[in-house]
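Peer 1: Sending over a structure as structure tokens; questions will come in a sec.
The values are calculated or read from the model by the stated rules, or taken from the named source; none is laboratory data. Note that the structure is a prediction, hence the values are computed from the model and not measured. Every residue, glycine as well, gets a Cβ built from its backbone with ideal geometry; the counts of neighbours run over all protein chains shown. Note: accessible area is taken over every heavy atom of the protein model, side chains too, but ligands, DNA and RNA are not part of it. Shrake-Rupley method; radii C 1.70, N 1.55, O 1.52, S 1.80 Å.
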Number of protein chains: 2
Amino acid sequence: MTDYTIHLDPKKMPDAWYNILPDLPVPFPPPLHPVTHEPITPDALSMLFPPGLIEQEVSPQREISIPGEIMDVYRLWRPTPLRRAYRLEKLLGTPAKIYYKNESVSPSGSHKLNTSVAQAYYNKVSGINQLTTETGAGQWGSALSIACRMFDMECTVYMVRVSFEQKPYRRSLMQTFGAKVISSPSDTTEFGRKILAEQPDTTGSLGIAISEAIEVAIKSNGKVKYSLGSVLNHVLLHQSIIGLEAKAQLESVGDYPDVVIGCVGGGSNYAGITFPFVPDKLQKGKHIDFIAVEPTACPTMTRGPYAYDYGDTGKMTPLLKQYTLGHNFIPPGIHAGGLRYHGVATLVALLVKEGVMRAVAVHQNPVFRACLMFAQTEGIVPAPESGHAIRVAIDEALKCKESGESKTILFNLSGHGHFDMTAYDAYLSGKLEDYELEDTVLKSAEKCIPKW
Amino acid sequence: MTDYTIHLDPKKMPDAWYNILPDLPVPFPPPLHPVTHEPITPDALSMLFPPGLIEQEVSPQREISIPGEIMDVYRLWRPTPLRRAYRLEKLLGTPAKIYYKNESVSPSGSHKLNTSVAQAYYNKVSGINQLTTETGAGQWGSALSIACRMFDMECTVYMVRVSFEQKPYRRSLMQTFGAKVISSPSDTTEFGRKILAEQPDTTGSLGIAISEAIEVAIKSNGKVKYSLGSVLNHVLLHQSIIGLEAKAQLESVGDYPDVVIGCVGGGSNYAGITFPFVPDKLQKGKHIDFIAVEPTACPTMTRGPYAYDYGDTGKMTPLLKQYTLGHNFIPPGIHAGGLRYHGVATLVALLVKEGVMRAVAVHQNPVFRACLMFAQTEGIVPAPESGHAIRVAIDEALKCKESGESKTILFNLSGHGHFDMTAYDAYLSGKLEDYELEDTVLKSAEKCIPKW
């Protein structure tokens, strides 16, 4: 019989995250103070984050134990299944073996819950009972809502107005888990009131929502902390459980990947699936092709410069070394909302820069073609973001068909598309546009990158 | 550590369905011809169904082998996990053990795929390449669309107009799997055109959609067959894999249920979770409390008479012995669309009538309260239909809290609620109504039940 699903014995679920910081090929470029341009000290972050997370942000430890309380929540859906995509392989007629790690089975429907649970926990044990964050399409807001519920904490989510109005299902999902969801800009913050006075009809933006959430934390006298869903080292750390499990699962069937693929917005799910394999390449000389996939509409790593830039539009964050299209860059409205970010995690950027990994950009329509091929063979409707990884996995498998190689391809299915059916609707009715950014747009966006 | 998830080794997945027909405590009351009232012959069904399914409808075999081709598709999501709801138990403070079989992990998001795959297969091997069916909210249409895609067949779904317009996501889901979805009433059938001419503004109904789908099959000269998602013996047979797996999973942790619970619309998911345990009660004298849960808005088994009645509003089906509110009965618009059926499967009705099982009815608001308790502890947003089973599982667990008994409670989580967030929205904003049918409504509905 055919083993479609490779389960990891729950007793063998990893009990430590993998921290890539001590294994980097070059030193980690520190975040810089947005004004002084001096390396920022960990305690400068204490207004937003609890000590446990700040420690992890700079930890030199390769393995960081996962506390039992987090393990207990992880066990609601972890270990996640690793699947061999036999039916997709057959459709493609490829000699390649295609495996995918199915993170869509989490309660929030994506990998985001791996870090939201950890972040809620470290806040809780430091005496915090209230978290605030922003959400665009709603994936991250959902994940933090569920995590806060699991640790009996309050959660306030600033949801970009256009999504709040157009994606009522995501809002209801957050409310089902007890979160307070506020349309942003709102009258609950000074910044929100300022924007509302200036542009009462604005659709809102992630930049505005971030500013509102951060304002709440800063003005709370330490009562409320802020939570971020990607980019930072501690977020990527928590996602390493994806790759650690996948590695153990592949080992259990005597396999090892030649290619590891993930989609990249901020970079956390991609880091999750790839980082645990990186030491094998750097220290043991294994040949592994790590492919970071981004949309041509937001070609951060394939076309942006490697530079220090702000993480947000409002320039409230430290300067981070990264590939960036400029913090003012507003990407076209593609349906993979999670990939519409001007920058990328420093850790991912560094590894691409150093040639340990490579980045490719793909168009929206080919991505949805891949989503349909995947859905119709594997039965799972993927999130448009995950579709980017699927597209490249299919492309790699087709290359194997030409060359006759039977490579082992592993990709991360970061989430399902149950709340993205409008995107499928647009694709099926031929209404999706493909975007290729013009150089002039890119040049003008890059101008805002700080130089000194 | 805590074992939340009890996986069944894929190699131990049952390779035969359980057919309850030979184990019934009294003879099975045959379907009757709608006009002559004589028992109907199997071949009278051949215009709608292929030989393989008609055979199963009347088979005296206790075990019916699952063909390898079906097993191969089942393996895309089966065996499904059995979960111990530790967090829910803790919230309730109950000494009871609560287990649930998680059928929501299927590609279509519910148990329906267990039978749609089998039905597509038996049609395919009899030379049929095209199936037609109706769908209300879209669960069954989605399941048949996916099944047809897996066997490379065409699928046409008549979707009730009001759902077609109000539930575009379910429609997109079916289209993603390649189905042709037609708003019903439509101009593609004689019956549809007649209705459109008479009532151009109708919202449509399941009764009309059934008639359209059946007309297509009947007029196709054997090219197109019709497919039904519940009620019939062969449909319930295919669902037995739910209970067979659950039984093996409980056995693997040394447990056995005192109470088995499922929600009942047509009865197929309920039959699936319960029937494999029935011989233990009837033949081995095990004390098992089987609870069939229905909405108070559609109290078929708790308030309807046990009688022969039509399966559809249009009186096109044979007369089936069942509990019924009358084939003309139109239940209030509760959100558990899958439970809005005037009748129930003959097999379930018979076992309730014989006292082997019992039926209870619950209100909509308490159901959603239970859905939220479940979501907030177990992390899964349940379908409103499944919420009925959860409500009673919680009630039984609370009884244990009072009595101090530590019963083992098993229920079927028939599906997730990702496409039902409008219902959650209504509940969260306090807009859900509870319905208790008035006797006069019931009396008038019952008047249409044929007497002779």
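Peer 1: Do you know which residues across the stretch B:74-109 are open to solvent by less than 10 Å² (accessible area, probe 1.4 Å), at pLDDT below 95 and of a type in the set (A, V, I, L, M)?
Peer 2: If the condition is that a residue be open to solvent by less than 10 Å² (accessible area, probe 1.4 Å), at pLDDT below 95 and of a type in the set (A, V, I, L, M), then B:L76 is the only one that fits.
Peer 1: Let me ask something additional. Can you pull out every residue in the stretch A:371-402 that is within 13 Å of A:R87 (Cβ to Cβ) and touching an Asp or Glu at 6+ places or on another chain (Cβ under 9 Å)?
Peer 2: The answer is A:T377, A:A397.
Peer 1: Can you tell which of B:G333, B:G355, B:G338, B:G343 is in a helix (DSSP H, G or I) and assigned by TED's automatic domain parsing to the domain that holds B:A292?
Peer 2: It is B:G338.
Peer 1: Taking A:E69, is it among the acidic types (D, E), open to solvent by less than 10 Å² (accessible area, probe 1.4 Å) and within 14 Å of another protein chain (Cβ to nearest Cβ)?
Peer 2: So A:E69 does not fit the description; no.
Peer 1: Among the residues of the stretch A:146-185, count how many are more than 22 Å from the chain's Cα centre (by Cα) and open to solvent by 10 Å² or more (accessible area, probe 1.4 Å).
Peer 2: 11
Peer 1: Tell me which residues, restricted to the stretch A:423-443, are in contact (Cβ under 8 Å) with a residue 12 or more places away in the chain and either part of a helix (DSSP H, G or I) or touching a helix residue (DSSP H, G or I) at 6+ places or on another chain (Cβ under 8 Å) (or both).
Peer 2: Listed by number, the residues that qualify are A:A423, A:Y424, A:A426, A:Y427, A:L432, A:E433, A:D434, A:Y435, A:L437, A:L442.
Peer 1: Restricting attention to the stretch A:72-86, which residues are within 9 Å of chain B (Cβ to nearest Cβ), closer than 26 Å to B:I380 by Cβ, outside any loop (DSSP other than H, G, I, E, B) and in contact (Cβ under 8 Å) with a residue 40 or more places away in the chain?
Peer 2: Answer for the stretch A:72-86, where residues must be within 9 Å of chain B (Cβ to nearest Cβ), closer than 26 Å to B:I380 by Cβ, outside any loop (DSSP other than H, G, I, E, B) and in contact (Cβ under 8 Å) with a residue 40 or more places away in the chain: A:V73, A:R83.
Peer 1: Here are some conditions: (1) open to solvent by 20 Å² or more (accessible area, probe 1.4 Å); (2) touching a Gly at 6+ places or on another chain (Cβ under 9 Å); (3) within 14 Å of another protein chain (Cβ to nearest Cβ). A:M47 meets all but one. Which one does it not meet?
Peer 2: Tallying (1) open to solvent by 20 Å² or more (accessible area, probe 1.4 Å); (2) touching a Gly at 6+ places or on another chain (Cβ under 9 Å); (3) within 14 Å of another protein chain (Cβ to nearest Cβ), A:M47 fails exactly one: (3).
Peer 1: Yes or no: the stretch A:313-324 includes at least one residue that is in contact with a strand residue (DSSP E or B) (Cβ under 9 Å, 6 or more places away or on another chain) and over 15 Å from A:L32 (Cα atoms).
Peer 2: Scanning the stretch A:313-324 turns up at least one residue that is in contact with a strand residue (DSSP E or B) (Cβ under 9 Å, 6 or more places away or on another chain) and over 15 Å from A:L32 (Cα atoms).
Peer 1: Related question: Name the single residue that is farthest from A:S429 (Cα to Cα) among those in the stretch A:376-395 being small (G, A, S) and crowded, with 24+ Cβ neighbours inside 10 Å.
Peer 2: Looking at the filtered set, the residue picked out is A:A393.
Peer 1: For residues that are touching a helix residue (DSSP H, G or I) at 6+ places or on another chain (Cβ under 6 Å) and touching a residue at least 40 places away in the same chain (Cβ under 8 Å), scanning just the stretch A:165-190, find the one that is nearest to the other protein chains (Cβ to nearest Cβ).
Peer 2: Filtering the stretch A:165-190 for residues that are touching a helix residue (DSSP H, G or I) at 6+ places or on another chain (Cβ under 6 Å) and touching a residue at least 40 places away in the same chain (Cβ under 8 Å), the one nearest to the other protein chains (Cβ to nearest Cβ) comes out as A:Y169.
Peer 1: Right, next: Would you pick out the residues in the stretch B:275-297 that are touching a Cys at 6+ places or on another chain (Cβ under 9 Å) and aliphatic (A, V, I, L, M)?
Peer 2: Scanning the stretch B:275-297 gives B:A292, B:V293.
Peer 1: Counting just the residues of the stretch B:406-421 that are surrounded by 24 or more Cβ atoms within 10 Å (Cβ to Cβ) and part of a loop (DSSP other than H, G, I, E, B), which one comes out modelled with the lowest pLDDT?
Peer 2: This residue is B:D420.
Peer 1: While we're on this one: How many residues are β-branched (V, I, T), open to solvent by less than 50 Å² (accessible area, probe 1.4 Å) and not in a loop (DSSP other than H, G, I, E, B) when one looks only at the stretch A:51-66?
Peer 2: 2
Peer 1: Would you be able to tell me the number of residues in the stretch B:121-137 that are open to solvent by less than 10 Å² (accessible area, probe 1.4 Å), within 17 Å of B:Y158 (Cβ to Cβ) and touching a Leu at 6+ places or on another chain (Cβ under 7 Å)?
Peer 2: Counting residues in the stretch B:121-137 that are open to solvent by less than 10 Å² (accessible area, probe 1.4 Å), within 17 Å of B:Y158 (Cβ to Cβ) and touching a Leu at 6+ places or on another chain (Cβ under 7 Å) gives 2.
Peer 1: If you don't mind, another one. Restricting to the stretch A:382-405, give me the number of residues that are under 15 Å from the mean Cα position of the chain (by Cα) and part of a loop (DSSP other than H, G, I, E, B).
Peer 2: Number of matching residues: 1.
Peer 1: A follow-up question, please. Can you tell me which residue in the stretch A:255-271 is surrounded by the fewest Cβ atoms within 10 Å (Cβ to Cβ), limited to those that are of a type outside the set (G, A, S) and in a helix (DSSP H, G or I)?
Peer 2: Only one residue fits best here, namely A:N269.
Peer 1: Only one residue in B:T324, B:T274 is in contact with an Asp or Glu (Cβ under 8 Å, 6 or more places away or on another chain) and open to solvent by less than 40 Å² (accessible area, probe 1.4 Å), so which one is that?
Peer 2: Answer to the check: B:T324.
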